[in-house]
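As structure tokens, the structure follows; a few thoughts come after it.
The values are calculated or read from the model by the stated rules, or taken from the named source; none is laboratory data. Predicted model, so just to flag it, every value in this text is computed and none were measured. Note: ideal-geometry Cβ built from the backbone for every residue, glycine included; neighbour counts use all protein chains shown.
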Amino acid sequence: MSGLLMPKPDDATMRRRDEIVADMRMIVPGEGVVDAANSMRAFESDGLTAYRQLPLVVVLPETVAQVSRVLKYCNDRNIRVVPRGSGTSLSGGALPLEDAVLLVMSRFNRILEIDFPNRIVVAQPGVTNLGITTAVEQEGFYYAPDPSSQIACSIGGNVAENSGGVHCLKYGLTANNVLGIEMVLMNGEVVRLGGKHLDAEGYDLLGVMTGSEGLLGVVTEVTVRILKKPETARALLIGFPTSEQGGQCVADIIGAGIIPGGMEMMDRPAIHAAEDFVHAGYPLDVEALLIVELDGPGVEVDHLIGLVEAIAYRNGSTTCRISQSEQERLSFWAGRKAAFPAVGRISPDYYCMDGTIPRKELPRVLAGMRELSEKYGLGVANVFHAGDGNLHPLILYDANMPGELDKAESFGADILRLCVKVGGVLTGEHGVGVEKRDLMPEMFNQIDLDQQMRVKCAFDPNHLLNPGKVFPQLRRCAELGRMHVHRGQMAFPDIPRF
Amino acid sequence: MALYDCPLSVSGFARATSPPLRGREEPEIAMTTFTPSTAAEVLSTVAWAAAEESPLEILGHGSKRGIGRPLQTEHTLDLSKLSGVTLYEPAELVLSAKAGTPLAEIEKLLAENGQQLAFEPLDYGPLLGGEKGKGTIGGVLASNLSGPRRLKAGAARDHILGIAAVSGRGEAFKSGGRVVKNVTGYDLSKLMANSWGTLAVFTDVTFKVLPAAETEVTLTLRGLLDDHAAAAMALALGSSAEVSSAAHLPERVAGRVAGGSLGSAAATLLRVEGFGPSVAYRITALKDLLRNAGPLEEISGDISHSVWRDIRDCAPFVDGLAKPVWRVSMAPAQGHQMVLALRMQAAVDAFYDWQGGLIWLRMEHGDPEADLLRGLVRQHGGGHATLVRAAPSHRAALPVFEPQAPQLAALAARLKAEFDPKNILNPGRMASAASSVTLGPATEGGAS
């Protein structure tokens with residue numbers, strides 16, 4: 001590991017490993033407990049493969065009662081637990097700990113209910129994102145959030161990370177499409193939030209759980225809203241001589257009241273890598289390439305295509321192609337969707353970042369990235385969810401060259417600092433995990449972080465669920481509970497007593 | 001009721017005594033109102049109140065003051081002077097404002113730029129016996145307002161991007177940011193949605209804003225009974241016509257919106273919004289889909305706008321304060337079944353929004369019938385019922401917000417204790433939803 005400090009393993013837990021494994025087998029009989037090192041190897045990492053760690057033991061429960069008993073057992077004995085869905089996190093959210101039970105939810109893989117009149121699917125958390133769409137598409141419905149890992153990532157993991165996708169400007173993130181969950185708290189209590197109805201009766205705990213990265217509770221059931229598929233979708237492929245012009249075009253499209261189904265931008269290195277890889281017919285003489293997809297009834301799509309084309313022309317586009325068939329629309333996307341593996345072909349390794357910026361800052365951030373690229377001597381290619389300002393710089397490096405991973409990580413951290421400086425945030429959709437944990441103070445001061453940790457304390461006061469993630473420093477809840485304002489020390493000591 | 005000599009007022013920080021709350025049943029108590037105009041002054045006030053363990057009623061314009069258990073606080077924190085839009089970038093779809101900024105001011109500014117708060121926050125004023133057009137942007141978030149477009153566009157909680165606030169500990173903090181896509185840390189902004197001022201006092205809020213629709217047309221089916229209306233709405237929402245709102249006004253209710261312009265026959269309303277050619281196409285598609293459902297009419301322009309505004313604001317039940325009004329959220333297809341069962345046992349007037357999932361109920365005999373209603377909601381698949389209008393005596397005796405399962409109530413109480421350990425922010429307002437008495441083990445060390 002390159003300098004990542006994780007919570008110190010608890011010696012007492014490590015010594016009792018055999019006993020814990022035996023007890024886990026009592027709770028989860030059959031094949032549900034894995035403790036051999038070679039079998040646990042499959043779980044040592046998630047999508048952030050730079051970090052690896054074998055867990056204490058892997059447990060794959062099948063029922064809510066088993067999840068509850070495992071968590072209560074661990075809570076009572078001060079044993080840490082790391083929950084895991086499909087293990088596609090790009091930020092190390094499911095990175096195991098040496099002294100922690102790895103609670104893998106993949107056996108929770110059933111769709112429990114499809115309710116078309118209410119347009120709802122109830123699924124177990126291990127069902128894949130795409131699995132929900134597959135279950136309802138024969139009736140013309142789909143589940144809108146579509147992270148690029150949707151073929152593998154689980155809906156429970158989507159809740160933990162508040163996953164997005166290319167369509168989220170128009171259709172929202174996971175948080176806007178989940179109506180209810182069942183979850184188990186670290187003390188074993190089973191709690192239901194929401195359901196088939198809208199909004200919470202009290203505090204919006206569903207909103208807090210979504211994106212909480214497995215630190216608050218283990219999701220055991222998810223209720224999502226499904227939508228009818230749009231009648232048609234068409235795309236424009238637009239090239240610009242400068243990223244400024246591309247950025248202005250995006251601003252003008254939105255300024256005209258148009259919210260496209262998807263709006264993606266690529267810079268020159270990403271365009272070239274993608275074109276070399278899939279031969280999508282991308283123009284190679286442009287600095288910025290914009291894909292704008294419009295969906296809805298055919299008459300609406302045709303109307304908006306005309307408007308977007310005119311806006312692109314006014315902003316100095318040098319090429320503008322409009323898809324005339326479904327095949328051509330998919331070819332526009334082929335390069336964008338293959339951008340990551342395409343970059344993988346021009347560099348032995350790449351490191352994917354995930355900051356979000358106010359869109360208008362794009363030229364400034366791209367210029368800053370070019371400077372950083374020279375400073376670190378590493379290349380960078382950019383793909384950008386232009387509609388919502390979510391930037392994915394891909395830093396090119398070679399892990400076999402001594403020190404290059406460290407350099408790539410420092411480069412990435414500098415990019416994220418730049419994002420925060422221009423009014424953006426550290427992570428748009430990949431999560432904090434372990435990857436951006438130590439950068440949290442770039443965005444939040446200690447008091448801000450304390451409030452977040454107070455939420456943690458209400459759910460899991462002993463910091464047993466997924467510790468070492470999200471928070472740069474673990475502070476004991478009792479310590480955090482002390483009031484900072486004391487009699488005689490307040491700002492206005494002479495205020496009259498009422 | 002003399003003015004206290006407060007050092008805070010030296011820095012332009014207004015304080016005043018005020019008459020006691022309307023509807024208050026206790027003898028009159030001298031009340032001090034703090035009226036900060038900066039976030040720093042809010043911090044000073046809350047920090048002082050925390051140190052004194054002196055509860056505050058948190059107030060914007062007071063337009064929703066009649067919702068929740070009546071408060072018995074000695075002091076009031078009035079945020080109406082903490083006002084002004086601080087950032088508005090239409091091309092970035094973002095707006096920031098101080099928490100006390102009038103909603104009306106924000107909606108006017110957005111309209112001038114062809115934009116809107118897509119979640120269409122309702123105006124509780126007239127329903128609760130107050131003026132219309134009041135309310136602050138902080139109050140919009142604190143009560144998680146929404147309107148008929150909730151089905152498609154979500155509620156305030158779906159559009160909040162970031163907040164700055166002061167917790168009940170007297171700590172100023174921020175959460176979120178000004179960009180749409182952000183998973184950096186817990187989403188405390190959403191936690192604060194629907195917290196009714198019981199966890200923290202907002203000082204600044206940042207919302208996502210969206211383009212306003214160019215055209216709006218409402219397709220109306222006439223004369224349907226509740227169950228047929230529910231089926232028609234489900235059919236429409238299950239089509240690709242992108243219906244943004246679906247409401248059903250039964251026969252006795254339809255005549256009470258838009259100045260009676262709909263006439264008195266039951267009206268099932270489907271709103272379609274967007275660019276002109278698209279709206280025309282989708283209305284045609286809906287007409288075809290629903291050709292056998294009943295007589296169809298089209299309304300547009302001002303009449304359509306005022307129909308949806310009146311549905312949003314529960315105008316059919318704006319009739320004094322004598323009869324209790326409930327706002328019930330359920331699975332859309334189950335709403336009318338619950339109402340049918342309720343009508344067997346109580347005299348109620350009802351209408352539906354959100355495809356039937358939002359039920360506004362007026363109890364005709366003056367008794368809220370809380371246990372009966374909540375029992376029936378549970379029997380019909382669950383949801384929640386909020387007693388939005390009721391006499392103070394009823395609000396003091398009954399849980400205004402839906403009571404939660406014990407584990408969930410305990411979790412909410414632990415959160416309350418974490419953010420407001422001295423219970424100084426709107427204490428007791430949410431009563432059973434976030435009990436002010438049960439402090440969990442996580443609050444140890446809370447005493448100073």
Among the numbered criteria (1) assigned to a loop (DSSP other than H, G, I, E, B); (2) facing another protein chain (nearest Cβ under 10 Å); (3) on the phi < 0 side of the Ramachandran plot, which single criterion is violated by A:ARG192? (1)
Given the conditions (1) surrounded by fewer than 22 Cβ atoms within 10 Å (Cβ to Cβ); (2) touching a residue at least 12 places away in the same chain (Cβ under 8 Å); (3) more than 30 Å from A:VAL250 (Cα to Cα), and given that B:ALA50 satisfies all but one, which numbered condition is not satisfied? (1)
Within segment A:156-189, can you find the residues that are modelled with pLDDT under 95, over 17 Å from A:ILE226 (Cβ atoms) and either assigned to a strand (DSSP E or B) or not small (Gly, Ala, Ser) (or both)? A:VAL166, A:LEU169
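Please specify each residue of segment B:53-89 satisfying the condition of being more than 30 Å from B:GLN115 (Cβ to Cβ), of a type in the set (Ser, Thr, Tyr) and touching a residue at least 60 places away in the same chain (Cβ under 8 Å).
From segment B:53-89, those more than 30 Å from B:GLN115 (Cβ to Cβ) are B:53-57, B:66, B:68-77; that's our starting set.
If we keep only those that are of a type in the set (Ser, Thr, Tyr) as well, we get B:54, B:73, B:76.
Answer for segment B:53-89, where residues must be more than 30 Å from B:GLN115 (Cβ to Cβ), of a type in the set (Ser, Thr, Tyr) and touching a residue at least 60 places away in the same chain (Cβ under 8 Å): B:SER54, B:THR73.
Residues that are among the small types (Gly, Ala, Ser): list the helices (runs of 4 or more DSSP H) wholly contained in segment A:390-488 that include at least 2 such residues.
Numbers: elements: A:404-421, A:440-443, A:446-459, A:477-480.
Fully inside segment A:390-488 and qualifying: A:404-421.
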Members of segment B:255-310 that are part of a strand (DSSP E or B) and among the charged types (D, E, K, R): B:ARG271, B:GLU273, B:GLU297, B:GLU298
For segment A:333-367, which positions are closer than 24 Å to A:GLN245 by Cα, aliphatic (A, V, I, L, M) and touching a residue at least 40 places away in the same chain (Cβ under 8 Å)? A:ALA334, A:ALA339, A:MET353, A:ILE357, A:LEU362, A:VAL365, A:LEU366
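Going by what's in this entry, would B:LEU372 be described as under 24 Å from B:ALA234 (Cβ atoms) and either at pLDDT 95 or above or in the same structural domain as B:ASN194 (by TED's automatic domain parsing) (or both)? Break it down stepwise before answering.
On the way: under 24 Å from B:ALA234 (Cβ atoms): no; either at pLDDT 95 or above or in the same structural domain as B:ASN194 (by TED's automatic domain parsing) (or both): yes.
When the stated conditions are applied, B:LEU372 does not pass them.
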Within segment B:273-282, identify whether any single residue is buried (at least 21 other Cβ atoms within 10 Å of the Cβ), charged (D, E, K, R) and outside the structural domain of B:LEU117 (by TED's automatic domain parsing), and answer yes or no. yes
Residue among A:THR88, A:THR49, A:THR13 that alone is farther than 20 Å from A:VAL219 by Cα and in contact with a helix residue (DSSP H, G or I) (Cβ under 9 Å, 6 or more places away or on another chain): A:THR13
Of everything in segment A:118-143, what is assigned to a helix (DSSP H, G or I) and either in the same structural domain as A:MET40 (by TED's automatic domain parsing) or closer than 30 Å to A:LEU465 by Cα (or both)? Give them in sequence order. A:ASN129, A:LEU130, A:GLY131, A:ILE132
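Here is a yes/no grid of residues against (1) out of contact with any Gly (no Cβ under 8 Å at 6 or more places or on another chain); (2) over 22 Å from B:MET192 (Cα atoms); (3) among the aromatic types (Phe, Trp, Tyr); (4) more than 14 Å from chain B (Cβ to nearest Cβ):
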site: A:GLU374; (1), (2), (3), (4): yes, yes, no, yes
site: A:GLY379; (1), (2), (3), (4): yes, yes, no, yes
site: A:ASN382; (1), (2), (3), (4): yes, yes, no, yes
site: A:HIS385; (1), (2), (3), (4): no, yes, no, no
site: A:LEU391; (1), (2), (3), (4): no, yes, no, no
site: A:ALA408; (1), (2), (3), (4): yes, yes, no, yes
site: A:HIS430; (1), (2), (3), (4): yes, yes, no, no
site: A:LEU439; (1), (2), (3), (4): yes, yes, no, no
site: A:ASN445; (1), (2), (3), (4): yes, no, no, no
If we scan segment A:489-496, do we find a residue that is at the interface with chain B (Cβ under 8 Å from one of its Cβ atoms) and either touching a Gly at 6+ places or on another chain (Cβ under 7 Å) or at pLDDT 95 or above (or both)? no
Among the residues of segment A:207-238, write down those that are surrounded by 24 or more Cβ atoms within 10 Å (Cβ to Cβ) and either free of Cβ contacts under 8 Å to residues at least 40 places away in the same chain or among the small types (Gly, Ala, Ser) (or both). A:GLY207, A:GLY211, A:SER212, A:GLY214, A:GLY217, A:ALA235
Checking the condition under 25 Å from the mean Cα position of the chain (by Cα), within 13 Å of chain A (Cβ to nearest Cβ) and modelled with pLDDT of 95 or more, which residue from B:SER63, B:SER96, B:SER37, B:SER80 passes? B:SER96
Filter result for the condition that a residue is assigned by TED's automatic domain parsing to the domain that holds A:VAL208 and free of Cβ contacts under 8 Å to residues at least 40 places away in the same chain, over A:ASP146, A:ASP115: A:ASP146
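For segment A:325-373, what are the residues that are polar (S, T, N, Q) and part of a helix (DSSP H, G or I)? Spell out the reasoning first.
Just the residues of segment A:325-373 that are polar (S, T, N, Q), to begin with: A:325, A:327, A:331, A:347, A:356, A:373.
Within segment A:325-373, A:GLN327, A:SER331, A:SER373 qualify.
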